[in-house]
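For reference, the structure discussed in these notes is given below.
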Amino acid sequence: MGGFASLILTAVIAVAIFVIIIALFSRYKRCPSDKILVIYGKTGKAADGSNRTAKCIHGGAAFIWPVIQSYSFLELRPIAIDVNLTKALSKQNIRVDVPSTFTVGISTETGVMNNAAERLLGLNREGIQELAKDIIFGQLRLVIATMDIEEINSDRDKFLDNVSQNVEAELKKIGLKLINVNVTDIKDESGYITALGQEAAAKAINDAKKTVAEKNRDGAIGEAEAKREERVRVSKANSEAIEGENQAKITIVNSDAERREKEAEANRIAIAAEKVQSAKALEEAYLAEQGAEKARAEKERATNVADIIVKAEIDKQKVELDAEAEAERIRRQAKGEADAILFKMQAQAQGTMEILSKQAEGFSKLVEAAGNNPKDAVMLMVADKLPEIVKLQVEAIKNIKIDKVTVWDTMGGNSNGTPTTANFLSGMLKSIPPFQDIFDSAGMELPAYLSGEKSDIIKTKDLKLENTNILSEDN
């Protein structure tokens, strides 16, 4: 029982799917060539962003969505409209009757189809015909009001062009297209057009009569001209025959003269050519000799130039070699002097180094002899150099040559009873720096055994006083 229910359910589902597929296929609509498929409902957005009212398709097919969309067809078959316009007022205020037939149809132009979908969808052919007829009547009256009777009657192309432009522009607004305009006849109630026709007929008859007369005249003139032409042509043929004979004779004479002239010209050209060739041969010979002379002169000039340039080049190389040799000599001399100076300075430095090394070695032994007391060692060195120091003190006034010293001395002297002369000599000797000041200036301390009473004994061995006069107050 359960298997049978499953089978039934499967069959129902299959039938439902089949029905849905058939329904979907039925919503796929094809558009015939003589119709426009109009899809309305939810058809999307237009180019300007507004909602599109309908979608028009001419040719092809489209799928119509169920529920949200529907469709309809517009017929494209032409519609003939008889327009019997009467008593239309022209530009000349003359009323005319213009019976005509207009053929219109729904346009397939993009944009105009949408106008047809919006304004003609749902109307039958009679409704479309009446709507178009009203528009045509108005525009036809407007065109007639802007034209003269002569233009309407004689210039039918201009009249039809104006009617087509005005009517078609208005028909496009409702989605129609003007296919053809046929004006059968134009009449006016005053008989103006009839009069124009009679005038034209009379003019045509007169023109025809004039043409017949002109043709008869042309025939007589033509016959006379034909006879004259015959006589002229016969005479001309005879004269041309005689002229041809004379021309032939002249041609023969001219041919002989031209032949003789050409023979003479040929002889002249030949003689001139021989002379030209001779002259060219001489010219080439002269040019060859001139070229040889130029080549010889060029060779000599090149030889002289080469001798000068080679000699100058040799002198230049010699100068360069001498300069290089001099530079090398100066460089070697400078290098030798620099090496000598270097060796001298190295020898002096080495000697100074040896002296300092020996002095340091002697000082070290001196400190060792002083019981490793640097101060005693310094005292020993000072004691060793003391005679030289005393000698240097005495040297300060050695060899002073005093030509004349004049002293005015008083008997009283100073407060100690010492004469002024003795004070002068004593002060001059005191100008010699004492040991204490020398040691102080050197940053050393004078030994105690040398810092006692100053000795009054002055060695005046080398002091010379020449022509000394000591004048007392009594003198």
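Considering each of Thr53, Thr43, Thr108 in turn, give the residue that is at pLDDT 85 or above and hydroxyl-bearing (Ser, Thr, Tyr).
Exactly one of Thr53, Thr43, Thr108 is at pLDDT 85 or above and hydroxyl-bearing (Ser, Thr, Tyr), namely Thr108.
Determine whether the range 71-84 contains at least one residue that is assigned to a strand (DSSP E or B), aromatic (Phe, Trp, Tyr) and within 26 Å of Leu171 (Cβ to Cβ).
Within the range 71-84 (the criterion being assigned to a strand (DSSP E or B), aromatic (Phe, Trp, Tyr) and within 26 Å of Leu171 (Cβ to Cβ)), the answer is yes, since at least one residue qualifies.
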Check: If you check Glu298, Glu229, Glu320, Glu324, which single one turns out to be in a helix (DSSP H, G or I), at pLDDT 80 or above and over 60 Å from the mean Cα position of the chain (by Cα)?
Finding: Glu229
Next item on the list: Report, by residue number, each residue of the range 7-60 that is without any contact (Cβ under 8 Å) to a residue 24 or more places away in the chain, surrounded by 10 or more Cβ atoms within 10 Å (Cβ to Cβ), among the small types (Gly, Ala, Ser) and more than 15 Å from Gly111 (Cα to Cα).
Entry: Ala11, Ala14, Ala16, Ser26
Margin query: Can you tell me which condition Val67 does not meet? The list is (1) among the aliphatic types (A, V, I, L, M); (2) outside the structural domain of Val183 (by TED's automatic domain parsing); (3) closer than 29 Å to Ile179 by Cβ, and all the others hold.
Written below: (3)
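The values are calculated or read from the model by the stated rules, or taken from the named source; none is laboratory data. All figures in this text were calculated on a predicted structure; none of them were measured in a lab. Please note: Cβ atoms are built from the backbone with ideal geometry, for glycine as well, and neighbour counts cover all protein chains shown.
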